[in-house]
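First the structure, in the form of structure tokens, and then the observations on it.
The values are calculated or read from the model by the stated rules, or taken from the named source; none is laboratory data. Every value quoted in this text rests on a predicted model; they were computed, and no experiment measured them. Positions of Cβ are backbone-derived with ideal geometry, glycine not excepted, and every protein chain shown enters the neighbour counts.
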């Protein structure tokens, strides 16, 4: 009898020889807007093993607009995003906080957290019980990116270089909110929690590994420890070249990492992390997904060549967004399936 999606992902993360490689499909509104028919075909032929829980947050009086629509959007923290491409999230051009000494003016959106936590938990738990898919996400702490949204990127890099008490206080305020948010999700029946921060450029970390370990590793460790205390898996997303911090992510207990494997030397990735963490995708969005279906198939073989472990540790994931070729997206999932059929990888 075939395993359920939830069972497949659990076995993959625990390196307990899942019957097939689990699938996850990230979809930006851009793709749905441009290729609605093809998107539905992909979803029907290769259904995701992952699903997100219902939204139980309270309405934010600060949030205005739509992050994926042209124009201006204000999020629940009051950060202003400008969007110049429909279907893609905008960016902050004007920082919320220009004077770091006034960090206390930044008010985390505690009012959006469920006021009746038991009722919210019951709703989420009913959803989890109704599906055999792996339930994840819910919340997505991003302390460094949130700091940049509040201060703007240029100010943020100056702040991190100086590391004065105002910098530490603002970062702590952000982190404490995220801990409170994760604590709520820990009380539910979701399978996994998630956090993110984009740390890589095309060929190195955005800051020194030493500075990253000093400032951010302890924050992420708290997220991991909290999740594991409640029996949850913990997933992380980080774009760019992050090879230097893979051992640290493994050390603090990250179960699955979504990173841009094709920015790095995949042999080096395998040497330091294969069999120790699950590679939650991804297929290159810059050069592979916009290219031909054959390029997509070649990319699948490259990932399998370096990172496949029969015990688990690979999730077939990609993000379909701007410039993506729907035929190539289809080919990627099809090739994972074909490799299974040819018994190169396990069949479910």
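Would you confirm whether or not segment 200-208 contains a residue that is closer than 26 Å to residue 50 by Cβ, surrounded by fewer than 17 Cβ atoms within 10 Å (Cβ to Cβ) and in contact with a strand residue (DSSP E or B) (Cβ under 8 Å, 6 or more places away or on another chain)? Step through it out loud before you land on a result.
So in segment 200-208, the residues closer than 26 Å to residue 50 by Cβ come out as 200.
Next cut, surrounded by fewer than 17 Cβ atoms within 10 Å (Cβ to Cβ) only: none.
For segment 200-208, residues closer than 26 Å to residue 50 by Cβ, surrounded by fewer than 17 Cβ atoms within 10 Å (Cβ to Cβ) and in contact with a strand residue (DSSP E or B) (Cβ under 8 Å, 6 or more places away or on another chain): absent.
Among the residues of segment 12-41, how many are under 21 Å from the mean Cα position of the chain (by Cα) and either closer than 30 Å to residue 86 by Cα or surrounded by fewer than 18 Cβ atoms within 10 Å (Cβ to Cβ) (or both)? Let's see the steps before the verdict.
Filtering segment 12-41 for residues under 21 Å from the mean Cα position of the chain (by Cα) gives 12-15, 21-32, 39.
Now restrict to residues that are either closer than 30 Å to residue 86 by Cα or surrounded by fewer than 18 Cβ atoms within 10 Å (Cβ to Cβ) (or both): 14-15, 23-32, 39.
Residues in segment 12-41 being under 21 Å from the mean Cα position of the chain (by Cα) and either closer than 30 Å to residue 86 by Cα or surrounded by fewer than 18 Cβ atoms within 10 Å (Cβ to Cβ) (or both): 13 in total.
Can you pull out every residue in segment 187-203 that is part of a loop (DSSP other than H, G, I, E, B) and under 20 Å from residue 242 (Cβ atoms)?
As a first pass, look at segment 187-203 and keep what is part of a loop (DSSP other than H, G, I, E, B): 187-191, 197-199, 201-203.
197, 198, 199, 201, 202, 203, listed by residue number.
Being in a loop (DSSP other than H, G, I, E, B) and touching a residue at least 12 places away in the same chain (Cβ under 8 Å) is the filter; apply it to segment 1-11 and report the residue that is surrounded by the most Cβ atoms within 10 Å (Cβ to Cβ).
3
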Next item on the list: Looking for whichever is touching a residue at least 60 places away in the same chain (Cβ under 8 Å) and either within 14 Å of residue 315 (Cβ to Cβ) or in a loop (DSSP other than H, G, I, E, B) (or both) here; the options are 26, 30. Which one fits?
Entry: 26
Margin query: If I ask for residues that are under 26 Å from residue 169 (Cα atoms) and within 22 Å of the chain's Cα centre (by Cα), which ones from segment 81-109 would you list?
Written below: 81, 91, 92, 108, 109
Notebook entry, point to check: In this structure, is residue 184 modelled with pLDDT of 95 or more, touching a helix residue (DSSP H, G or I) at 6+ places or on another chain (Cβ under 7 Å), part of a helix (DSSP H, G or I) and closer than 30 Å to residue 4 by Cβ?
Noted result: yes
Next item on the list: Kindly list, by first and then second residue, each pair from a residue in segment 145-168 that is touching a residue at least 60 places away in the same chain (Cβ under 8 Å) to a residue that is in a helix (DSSP H, G or I), limited to pairs with Cβ atoms under 6 Å and residues at least 6 apart or on different chains.
Entry: 146/174; 166/100; 166/101; 166/103; 167/159
